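Chemist: Structure incoming, see below.
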There are 2 protein chains.
Amino acid sequence: MFHSDGFHTLDRPECLRLLAKVPVGRVVYTRQALPAVLPVNFSLDTDSSVLLRTSASSVLVRAIDGVVVAFEADDFDAASRSGWSVVVTGRATVVTDPAEHDRLSRSGPRSWVVARDGVFVRIESDMVTGREISGTPEPV
Amino acid sequence: MFHSDGFHTLDRPECLRLLAKVPVGRVVYTRQALPAVLPVNFSLDTDSSVLLRTSASSVLVRAIDGVVVAFEADDFDAASRSGWSVVVTGRATVVTDPAEHDRLSRSGPRSWVVARDGVFVRIESDMVTGREISGTPEPV
């Protein structure tokens, strides 16, 4: 679907394909009643949920465990005024099942920083939206 | 300041210097009680506030005019596991003063898409935070 604003809406398979291409996204949540956002590296699980690895004692985990968050990733090129963005909106939960934690320790994302008390956080991907802009001419 | 988690806190001048280097950031706000995020191109005004240009009738403008939002920009390199992110938290307001609108029409950001009813939105930059990660080794 093309909109009059120049954006093309992406379907779910296309959104998930693009999400898998980038290493970093941004968790969007509320902290002390203010909008908050934190970039993190991530991967997609086999069920297409978003997986992060962080410290169990982090401010992020305290803020988002059990809460609906947004997760955004994008890739834009300013020279050609083109690119895409995808937003996953879903409940974030710390993975507490030991077998699941073991599986993700082998196949899940690795944190860019050392976290001795590392946990995995899963963001459910029931709601995935995306849009693309491709090479709009410079407005006059 | 270096933290044990491998991140280096950036001061305000460094945050503003980095913000000025990238064309696209993300507005973080609340829509229908859910966290929401939208990438936009932007520029910094002479007072370091963040300026966007969008359609007056957009969902974004209706959601954020007069409201405190977060605005995030970043640049990461996965190969070297390094990069930075900056978050501006402040009130967003549509620019309604005609002289100010005229000034920004000459010097402000240009939307990547054509908006016949284009308005400028200013996000105050009283609160600016940033952090940097530089080349952490791969965790074992």
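The values are calculated or read from the model by the stated rules, or taken from the named source; none is laboratory data. Just so it is clear, the model here is predicted, and its values are computed rather than measured. Using ideal geometry, Cβ is built from the backbone for each residue, glycine included, and neighbour counts are taken over all protein chains shown.
Chemist: Taking the stated definitions as given, is A:ALA36 over 23 Å from A:LEU16 (Cβ atoms), under 15 Å from the mean Cα position of the chain (by Cα) and either without any contact (Cβ under 8 Å) to a residue 40 or more places away in the chain or within 11 Å of another protein chain (Cβ to nearest Cβ) (or both)? Outline the logic, then answer.
Modeler: Details: over 23 Å from A:LEU16 (Cβ atoms): yes; under 15 Å from the mean Cα position of the chain (by Cα): yes; either without any contact (Cβ under 8 Å) to a residue 40 or more places away in the chain or within 11 Å of another protein chain (Cβ to nearest Cβ) (or both): yes.
Against the criterion (over 23 Å from A:LEU16 (Cβ atoms), under 15 Å from the mean Cα position of the chain (by Cα) and either without any contact (Cβ under 8 Å) to a residue 40 or more places away in the chain or within 11 Å of another protein chain (Cβ to nearest Cβ) (or both)), A:ALA36 qualifies.
Chemist: Confirm whether B:SER125 is under 13 Å from B:ASP47 (Cβ atoms), touching a residue at least 24 places away in the same chain (Cβ under 8 Å) and surrounded by 14 or more Cβ atoms within 10 Å (Cβ to Cβ).
Modeler: Details: under 13 Å from B:ASP47 (Cβ atoms): yes; touching a residue at least 24 places away in the same chain (Cβ under 8 Å): yes; surrounded by 14 or more Cβ atoms within 10 Å (Cβ to Cβ): yes.
Considered against the rule, which asks whether it is under 13 Å from B:ASP47 (Cβ atoms), touching a residue at least 24 places away in the same chain (Cβ under 8 Å) and surrounded by 14 or more Cβ atoms within 10 Å (Cβ to Cβ), B:SER125 comes out as yes.
Chemist: Do we have A:SER82 as at pLDDT 95 or above, under 24 Å from B:GLU72 (Cα atoms), of a type in the set (Ser, Thr, Tyr) and touching a Ser or Thr at 6+ places or on another chain (Cβ under 8 Å) here?
Modeler: Against the criterion (at pLDDT 95 or above, under 24 Å from B:GLU72 (Cα atoms), of a type in the set (Ser, Thr, Tyr) and touching a Ser or Thr at 6+ places or on another chain (Cβ under 8 Å)), A:SER82 does not qualify.
Chemist: Still on this structure, I have one more. Among the numbered conditions (1) touching a His at 6+ places or on another chain (Cβ under 8 Å); (2) within 24 Å of B:ALA79 (Cα to Cα), tell me where A:GLU132 comes up short.
Modeler: (2)
Chemist: Oh, and also: Among the residues that make up the stretch B:114-124, is at least one of them farther than 21 Å from B:THR30 by Cβ, outside any strand (DSSP E or B) and more than 9 Å from every other protein chain (Cβ to nearest Cβ)?
Modeler: Our first condition is that a residue be farther than 21 Å from B:THR30 by Cβ; within the stretch B:114-124, this holds for B:114-118, B:120.
Okay, now just the ones that are also outside any strand (DSSP E or B), so B:114-117.
Subsequent filtering for residues that are more than 9 Å from every other protein chain (Cβ to nearest Cβ) retains B:116-117.
Yes, because at least one residue in the stretch B:114-124 is farther than 21 Å from B:THR30 by Cβ, outside any strand (DSSP E or B) and more than 9 Å from every other protein chain (Cβ to nearest Cβ).
Chemist: On to the next question. Right, A:VAL121: modelled with pLDDT of 95 or more, within 27 Å of A:GLY6 (Cα to Cα) and under 12 Å from the mean Cα position of the chain (by Cα) or not?
Modeler: On the way: modelled with pLDDT of 95 or more: yes; within 27 Å of A:GLY6 (Cα to Cα): no; under 12 Å from the mean Cα position of the chain (by Cα): yes.
No, not satisfied.
Chemist: Name the residues in the stretch A:80-94 that are crowded, with 19+ Cβ neighbours inside 10 Å and of a type in the set (Val, Ile, Thr), would you?
Modeler: Residues satisfying the conditions are A:VAL86, A:VAL87, A:VAL88, A:THR89.
Chemist: Give B:ARG53, B:ARG81, B:ARG91 a once-over and let me know the one that is in contact (Cβ under 8 Å) with a residue 24 or more places away in the chain and within 9 Å of chain A (Cβ to nearest Cβ).
Modeler: Only one candidate qualifies: B:ARG81.
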